[in-house]
Amino acid sequence: MEPSHKDAETAAAAAAAVAAADPRGASSSSGVVVQVREKKGPLRAAIPYMPFPVAVICLFLNTFVPGLGTFVSAFTVLCGARTDLPDRHVCCVFWLNIAAALIQILTAIVMVGWIMSIFWGMDMVILASYKEQGIPQQL
């Protein structure tokens, strides 16, 4: 995706503010705080924060049988795994994960689902490592 015109204006305004704060023209590290948040769609936000070994098993399953690891991860939501959708009911998050698994299975024929399944498994492992390290969910 290309950055929008509004994003370019915001970035230019931030750069101008940094330049105005430092008369020498060099950027300084004091006074400017930049925070980046990843915007997640509902399917991506429904990936549960699982224990690391379970996430690795799901990645392994997704690598060899597209969608199977995602299907297994859906049941971890019912067992209490947290997601980035705290305002949604557990059953809704469960069905979002089942939908993601079905998409992966049905599109595996044209390789799209298989690749999506592997990336989904990698995301599970990344989220599990965040959980182990105690990094907050909202990055």
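Can you work out ³J(HN,Hα) from phi for every residue in region 31-42, in order, using Karplus 6.51 cos²θ - 1.76 cosθ + 1.60 and θ = phi - 60°, giving whole Hz and x for Gly and Pro?
Here the 3J(HN,Hα) series is x, 10, 10, 10, 10, 10, 10, 7, 8, 10, x, x Hz.
When the solvent-accessible surface of protein heavy atoms is calculated with a 1.4 angstrom probe, in what order do MET122, MET50, MET116 fall, highest first?
Result of the area sort, largest leading: MET122, MET116, MET50.
Using the Karplus equation 6.51 cos²θ - 1.76 cosθ + 1.60 (θ = phi - 60°), what ³J(HN,Hα) coupling, rounded to whole Hz, does each residue of region 107-121 give in order, writing x for Gly and Pro?
Going residue by residue, I get 9, 5, 4, 9, 6, 5, x, 5, 5, 4, 5, 5, 5, 4, x Hz, with x marking Gly and Pro.
Amide H of ARG82 versus every other amide H placed in the peptide plane: which residues, excluding those fewer than 5 positions away on the same chain, fall under 5 Å?
The list, which skips near neighbours in sequence, is TYR49.
The values are calculated or read from the model by the stated rules, or taken from the named source; none is laboratory data. Everything numeric in this text was worked out from a predicted model, so none of it was measured. Surface areas here come from the heavy atoms of the whole protein model, side chains and all, with no ligands, DNA or RNA. Shrake-Rupley method; radii C 1.70, N 1.55, O 1.52, S 1.80 Å.
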